[in-house]
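Every number in this text was worked out from the coordinates using simple rules, so none of it is lab data. Since the structure is predicted, the reported quantities are computational estimates derived from the model, not experimental observations. Virtual Cβ from ideal backbone geometry, glycine too; neighbours counted across all protein chains shown.
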Amino acid sequence: MNQEHFLIELRLHLKQLSFDEQQEISDLYQSIFEEKKALGLSEYEISKELGHPREIAISILKSKNLFFEDAPPTNTGWQEFFEEAPTSPHPYNQTQQSPLPPASGFLRVTQIIGLFFLNIFFMLWMIIVLLLLLLCGWIMVAGFTLAPFLAGFGLITAFSTYALFQFTNSLILCGIGLIGLTILKPVTEISFKLLKGYFKWNVLVMKGGRR
């Protein structure tokens, strides 16, 4: 806590003393704060070093043969609040939901048959086409990217105008291949994530899940 908070809370806990006594103690601790701040300490470090104002007040009152009494709540002074766990205002608003009842035998058979026909007549062919397209794309990207190396080898072994023309074209193909690489890489990652999710869904359905 900072200096102001510390001094206000200390005076709140010293309500049993007279105003002059409270002022004297407050001035004493204010001077302590000023001395320690001159040494380079922050207000938070000083208050931590001095201890909690409540404990200081208990010690001071005990030295004066007085019993400590908690300061009554006030709207003008500092008060400490303790955070409480929020409670739901509605008894039915609960985060934990009851598990779904297990599927019946007929529903399980229907799910498996439907999944079988879905995979055989539709999804299997879609997956094959997708994998072939990705494979062709990667072959083209690899061929375009490596084209300058092949053309460069031909240019070195048999230098000619035609070989130089081929090498120039291979540089263009290499640029196209690099652009294709930047496009094909995320497309491939997304495709495999979708396939992985679809396979997990198949396993879930086979085990009796309904999501």
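Only Cα pairs under 8 Å and at least 6 apart count here; give the relative contact order of the stretch 3-63 as a rounded whole percent. Answer for the stretch 3-63 is 50 percent. Computed over the stretch 3-63, the percent of Cα pairs more than 20 Å apart is 21.
Annotation for GLU21 and SER160: the two label points, set 7 Å from Cα along the Cα-Cβ direction, are 11.3 nm apart. Among THR161, THR145, THR188, sorting on how many other beta-carbon atoms sit within 10 Å of each Cβ, with the fewest leading, yields THR161, THR188, THR145. Mean silhouette area of the stretch 105-206, derived from the convex hull of its C-alpha atoms and averaged over all directions, reads 8.1 nm².
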